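Have a look at the structure below, then the notes.
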Amino acid sequence: MYLDFLRLKNFMPFYGEHTLKVPAPDEGRVCVVFGDNMRGKTSLLNGLRWLLYGKAYARHMRPIAQVDLMNRDAAESDEASMSVSARFVQENVEYELTRSLTKKAYVIGVPTKDEDTEMTVHLRKDGEPISRGYIEHEIARALPESISRFFLFDGELLQEYEKLLIEQSRQGEAISSAIEQVLGMPTLTNGRDDLYQLRVNAEKRQSEELRQVQTLEKHANRRLKVREEVERLKEDRDELAREQADTEQQIESLRTDLERTEQYESYAEELRQYKARLEESESREAELRGEKKELMASAWKDLLKPKVEDAWGEVKAAEERRERELRKSGARQRDKALLEMALESGECPTCGHNLDTRELEVIRTHCKDTEEGDISGTGERDSDVGMTASPLGALELRKLQGPNVGARIRDIEDEITEKIAGRAQLENRIKEINDKIESVDTDQIRTKRQEVNRLSTYAGELTEQINQQNRDIEAKERDIQQLTNIINSDLGADQAGSSRQVKVYDSLYEIFSRTITEEREKTRERVEDFATKAFKELSTEATYTGLQITTNYGLHIIDPNGETVRERSAGAEQIVALSLIDALNRVAQSYGTVMMDTPLGRLDPHHRQNILKYVPKMGNQVVLLVHEGELDRAAGLSSIKEHVGKIYKIARVSATKSTLEEEAD
Amino acid sequence: MPGQWNRMKNMSESEHMLNTLKSMRDEIEAEVPNDLLSRVFEIERERQFEESRSRAQSEVREAVEDWLSKQDE
């Protein structure tokens, strides 16, 4: 089987008609489509999904309304229609499928809801049209929707595979059920369930008939009663399961909302930090301004400082001069007293000899000169110290002197300027963040998180209740089986025509049930073997010994000590998911077309190369939808060059339009 | 795409599953013949992708009743 082409017309960003011609397996198994984010890679995948099942999904498997799949420019035009078609060949039968959506004739203006549009589907098998009523049935037979997750590989799949590791998770059960469908298990599981129902019906008929038989009346009534109890328990369990499914859906939806607000939460944290810094900056600035104000009270002294210093210098010099004069004057007074004593006694005051007339005349002249010198020295002193004659004046001059506050004030001003500039930056950033998060209610986020916790606890309680119901049902089924054995072993049972039917259905049910257990065990072993082989080729961690499968088809990585690796990176999850897909393909013993959206995004260059080398082995046609950040055209593709049949590029035309262009080799 | 899921269209796989059913029949010594077991398996294989089980159940019931009536003859 291979896909020949996929054609999109006015589908999402693909305005007009765009065709992805997929190379035939002998032309190269890999078709690479390059496209930047938001250009239309996922739209290509959704195009194929919508063509087959009339559904398209956004992130977290949120359904997209059909009317929103129509390109906006096309929707606003007179044509207002879109279509997707494909041709594929399987077992020498050629299928051509087209699905179209057109605005209803009576709708005026742009269609805004699905009811404004009409969908039509056309299918041809080897050129022969298939009647309308059988088309969906043919598609369901050829490509059941539940297995689409294995050939339409997107990011959602990775998240789903992680749930496979949670034992008894409802979602895990749903996925493992889809996996078993890929592996052909529904033949056995449906058979078992059908036979169970047929046996129950036959038992009821038998019980009714045997109420007339005296020996079996009691057992027949008892069995009918227990069967009624089982049915009630099943109804209750199914109700609980629906409740649980609703709860898990609510949790998923809340988590999607919370994931969307995660970025806002980081902004909110950033905002808190900026506000704290702003507050700190404002407080520091106020402190600095206070200090500056205090310093300014004595800053005028700095202005007077040169003059005060000059005046003070003069005062100091005058004081020194005065001290010198005082010292000189003292010496003169002492000399004068000695001279006057000599004049009076006529003797030398030092050696005591008699002074002659000439000596006395010299002493008298010297005394006179000393007197005159004293008079002139005192006058000079008084005028010199006139300015500071008063001690109070000197004290006042001292008061005019102060510490050098100017330098400190300049430092403060510099720091304040710095704070103002920094605060402007903080305020701008706060404004930017506020603009971004103004639409987000942080209280609502907190409430949602609490709700997720509450619902998760509730879902856990529901799981326990469902498990208890299942245990009760199993116990009652055992009671019924015992009663059936008693009834069947009684000869009187032959009086009921339905007794033989009960025995046959019972045997067939037992055979199918045991075969399912046996087949599941064998299939899981095969999936584990193939997945381990793929994992060893894909992983760069050589010490891991392989993968171990769970009852849900989840896969654990096993370390060299045989222990399960508990913490797995996003990259490891991707490698394990790819290994599982490959194993399922191989166990299903056939290869088809696989379309993979951004499969290398979470991986390092070594793992990317490993996967690229492995991709050609994963199917007879692999369409890789990648952006150039995850796959370098030249270096990345060189390792699989011989397998690459075609390369396309999704190019931007406008915000709402893209074009699909084939690139030359 | 077709082929991946198509294990049951592969006859050897189908035969393998039927053989497992038959060996289980022998193991529990069930009083149902291989013909009836094969017929039930065939019906379920054909109807495996149908969501409503009423048609499959009705065909299995017919097969069982048909076999029982032949036993009476």
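Rule-based calculations on the coordinates, nothing more; no lab input. Source: prediction; values computed, not measured. Heads up, the Cβs are rebuilt from the backbone with ideal geometry, glycines too, and the neighbour counts pull from every protein chain shown.
Give, in nm to one decimal, the length gained when the segment between A:His137 and A:Lys613 is fully stretched (0.36 nm per residue of separation minus the Cα-Cα distance).
On the way: separation 476, 0.36 × 476 = 171.36 nm, distance 3.75 nm.
Fully extending the segment from A:His137 to A:Lys613 adds 167.6 nm.
Taking N as the number of residues in the protein assembly as shown, what value does Rg over Cα atoms divided by 2.2 N^0.38 Å take?
1.86
Taking neighbour Cβ counts within 10 Å as the exposure measure, how do A:Asp604, A:Asp356 sort from fewest upward?
The fewest-first ordering by Cβ neighbours comes to A:Asp356, A:Asp604.
On C-alpha positions alone, give me the angle between the axis of helix A:357-384 and the longest principal axis of chain A, in degrees, nearest 10.
Roughly 30 degrees, rounded to the nearest 10.
So what are the radius of gyration and Dmax for the Cα set of the stretch B:9-63, in Å?
Reported Rg and Dmax, both Å: 12.0, 32.
Please arrange A:Lys316, A:Lys292 by how many other C-beta atoms lie within 10 Å of their C-beta, fewest to most.
A:Lys316, A:Lys292
What's log10 of I(q)/I(0) for the stretch A:436-482 at q = 0.13, 0.23, 0.27, 0.28 Å⁻¹, Debye sum over Cα points only, no solvent?
-0.52, -0.80, -0.90, -0.92
Kindly express, to the nearest 10 degrees and within the range 0 to 90, the angle between helix A:498-538's C-alpha long axis and the longest C-alpha principal axis of chain A.
Relative to chain A, helix A:498-538 is tipped by roughly 40 degrees.
Just to be sure I understand the model, the point goes 7 Å from the Cα along the line to the Cβ. What's the resulting A:Gln249 to A:Glu525 distance in nm?
4.0 nm
For A:Gly35, what residues show an amide H to amide H distance below 5 Å, using hydrogens built from the backbone and excluding near sequence neighbours?
A:Val626, A:His627, A:Glu628, A:Ile650
For a test of the definition: using alpha carbon positions, the gyration tensor, and the 1.5 limit on a/c, classify the stretch A:584-665 as rounded, prolate or oblate.
prolate
Would you mind computing Rg(Cα) / (2.2 N^0.38 Å) for the stretch A:165-305, counting N as its residues? Write out the running numbers ahead of the final one.
Working: Rg = 37.9 Å, N = 141, 2.2 N^0.38 = 14.4 Å.
Working it through for the stretch A:165-305, the quotient is 2.62.
Return the distance in nm (one decimal) between the two label points of a simple spin-label model at A:Gln468 and A:Asp4, each offset 7 Å from Cα along Cα→Cβ.
6.0 nm
Output the 0 to 90 degree angle, nearest 10, between the alpha-carbon long axis of helix A:570-587 and the longest principal axis computed from the alpha carbons of chain A.
Between the helix axis and the principal axis of chain A, the angle is about 10 degrees.
Sticking with the crude label model, points 7 Å out along Cα→Cβ, report the distance from A:Asp335 to A:Ser77 in nm, one decimal please.
With each label placed 7 Å out from Cα toward Cβ, I get 12.8 nm.
What ranking of A:Cys31, A:Cys348 emerges when the number of other C-beta atoms within 10 Å of each C-beta is taken as an exposure proxy, fewest first?
With the sparsest Cβ surroundings first, the list reads A:Cys348, A:Cys31.
Return the Cα extents of the stretch A:490-589 along principal axes one, two and three, sorted largest first, each rounded to a whole Å.
70, 28, 19
Quick one: check the C-alpha center-to-center distance for the stretch A:19-61 versus the stretch A:623-665, whole angstrom.
12 Å
Mind listing the long-range amide H neighbours of A:Thr117? Cut-off is under 5 Å, sequence gap 5 or more, other chains count too, H placed in the peptide plane at 1.01 Å from N.
Excluding prolines and chain starts, which carry no amide H, the hits are A:Lys104.
If amide H atoms are built 1.01 Å from N in the plane of the peptide, which residues on other chains or at least 5 residues away come under 5 Å of the amide H of A:Val22?
Correct list: A:Phe5, A:Leu6.
Need one number: % antiparallel among DSSP beta bridges in the protein assembly as shown, to the nearest 5.
70 percent
Compare the Cα positions of A:Val565, A:Trp300, A:Ile108 along the charge dipole of chain A (+1 at Cβ of Lys, Arg; -1 at Cβ of Asp, Glu; about the Cα centre) and return the one farthest towards the positive end.
A:Ile108
If you plug each phi of the stretch B:22-36 into the Karplus form 6.51 cos²θ - 1.76 cosθ + 1.60 with θ = phi - 60°, what whole-Hz ³J(HN,Hα) values come out, in order, with x for Gly and Pro?
The phi angles translate into 5, 5, 5, 4, 5, 4, 9, 6, 6, 8, 10, x, 4, 4, 5 Hz.
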